[in-house]
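Single-structure report; data block below.
The values are calculated or read from the model by the stated rules, or taken from the named source; none is laboratory data. Worth saying up front: this structure is predicted, and the values here are computed from it rather than measured. Every residue, glycine among them, receives a Cβ derived from its backbone with ideal geometry; neighbour counts consider all protein chains shown. Just the protein is used for accessible areas: all its heavy atoms, side chains included, with ligands, DNA and RNA removed. Shrake-Rupley method; radii C 1.70, N 1.55, O 1.52, S 1.80 Å.
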Amino acid sequence: MKTSHSLLTVAGLISLGIVTAAAGHFAAAQRGGGIVTTLSPRSVVVRNDAEFREAVRRAQPGMVIRIESGQYGGDVWIENLHGREDAPVVIEGADPQNPPLFAGGTTGWQISEGSYFVLRYLRFRGQKVNGLNIDDGGSFDTPTHHIRLEHVVVEDVGPVGNYDGIKLSGVTDFVVADCRIEGWGGQAVDMVGCHRGVLERCLFKGKKGFSQDTGPQAKGGSTQIVIRQCRFVDAAKRCVQLGGSTGLAFFRPRGVLYEAKDLLVEDCLFVGGEAAVSFVGVDGAVFRHNTIIRPQIWVARILQETREPGFVPSRNGVFERNLIVFRSDLRDFVNVGPYTAPETFRFAENWWFCEDRPAASRPRLPVPESGGIYGQDPRLRQVAEDRWVVENPAARNFGVRQNP
């Protein structure tokens, strides 16, 4: 478990860094007549597409761009968006209760090559390919880094095919917090060659008519990604995908022989979906203290989709202290595919309850479980669509340790 403790330390440092750097209060002096209205020497308010595009073109470290409520067009291209550690660029909705909506287009925003910026209180809807795309511009040695997305809503992307809510390629040292993604084609958050990232307190919700292949996915050589305190409601075929399938030319760094490594998923709630978690070509991942309610087909999957010479088999997964409530029509507990190493996985101290046949609660697993609890009702009670509480005191140390 040394890996998971180090991941938590990294996550804590990331969370503290950009949040502090991005905090600030801005004067309300105004100037009319120009493309933008100035609040202070480094703060501007924009009210239409032309003003917004001009403001981001001129963005400098320490600038705050505040976007008034209303509807704006998609297909916004932003390049070389660089702040500094002590002076990030902040782009935000002026009214957090009524964020600006960027509607339509192929991609809502594409940001290529950036550092030290914050996006918050924004909405994206109805894009054909990606709601929000942030990447390194194809320059693999100079990743986009130290960014934070918070209170961003992405809806109705796709609807069918490899079209993502949020796509991150070659991004390091990042946080995605308090975001909501509903209705997408491919991945809710697709991370390709991303490192030292945190997704926390986000809601992923599926919609009819959208293919929703996976929720968050970390692949293409990604490492040290933490997904915590998130909620998944009928979210995807694979609600969380640890690893995946990536063309070798897109791996960051080049030449690694795993899709992902050193990943952690904890304190998340999964309601429905075909499978809560899939380990795919991964070399070390921990899935712990999660609550899984009525998965449709499997609880977990161990798969291998990249089979290049020397590529590691999916291995070294940990599944522990989770609370799983399921029905007897579950196809299987863990789906194990070929070319994997299920014998390297560890299952420990999980609470399993089959709600329609308690006597059938003991799962069939690829390796023996240590310390499992079977057939005892945790007495889950639903208090909202994405909120459940455990009323059996004995079960409160299993699954989510606090409601996300």
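Things to note:
- Amide hydrogen neighbours beyond the local backbone of Val336, cut-off 5 Å, H modeled: Ile302
- Segment Leu257-Asp377, length gained on full extension (0.36 nm per residue, minus Cα span): 39.0 nm
- Cβ-Cβ distance of Ile297 and Ala394, R₀ of 41 Å, FRET efficiency by 1/(1 + (r/R0)^6): the value works out to about 0.90.
- Global geometry of region 135-205, whether rounded, prolate or oblate, following the gyration tensor of its Cα atoms and the 1.5 cut on a/c: oblate
- Pairwise FRET efficiency - Arg331 versus Glu385, Cβ, R0 = 22 Å, nearest 0.05: 0.30
- Most to least packed among 213-220, 268-275 [average Cβ atoms within 10 Å]: 213-220, 268-275
- For region 80-145 and region 282-299, distance of Cα centres in Å: 30
- Three-way shape call for region 198-242 based on the alpha-carbon gyration tensor, with the a/c threshold at 1.5: oblate
- Extension gain for the segment Arg58 to Ala359, taken as residue separation times 0.36 nm less the Cα-Cα distance, is 101.8 nm to one decimal.
- Ranked by the mean number of other Cβ atoms within 10 Å of their residues, highest first, the peptides 61-68, 155-162, 307-314 fall in the order 61-68, 155-162, 307-314.
- For the chain, the relative contact order works out to 9 percent when only alpha carbon pairs closer than 8 Å and six or more residues apart are counted.
- Heavy atoms of His151: accessible area, 1.4 Å probe, square angstrom to 10: 70
- The stretch between Gln97 and Arg401, if pulled fully straight at 0.36 nm per residue, gains 106.5 nm over its current Cα-Cα span.
- Cα-based shape type of region 316-361, given that a ≥ b ≥ c are square roots of the gyration tensor eigenvalues and the cut on a/c is 1.5: oblate
- Ordering of 89-95, 340-346, 114-120 by burial proxy (mean other Cβ atoms within 10 Å per residue, highest first): 114-120, 89-95, 340-346
- Distance from the alpha carbon centroid of region 353-404 to that of region 230-251 works out to 24 angstrom.
- Taking amide hydrogens as placed 1.01 Å from N in the peptide plane, the amide H of Val400 sits under 5 Å from those of Thr291, Leu323, each at least 5 positions away in sequence or on another chain.
- Considering only Pro342, Pro96, His145, the residue lying farthest towards the positive end of the dipole of the chain is Pro342, judged by Cα position with unit charges set on Cβ.
- Nearest-ten-degree value, helix 2-22 long axis tilted from longest Cα axis of the chain: 20
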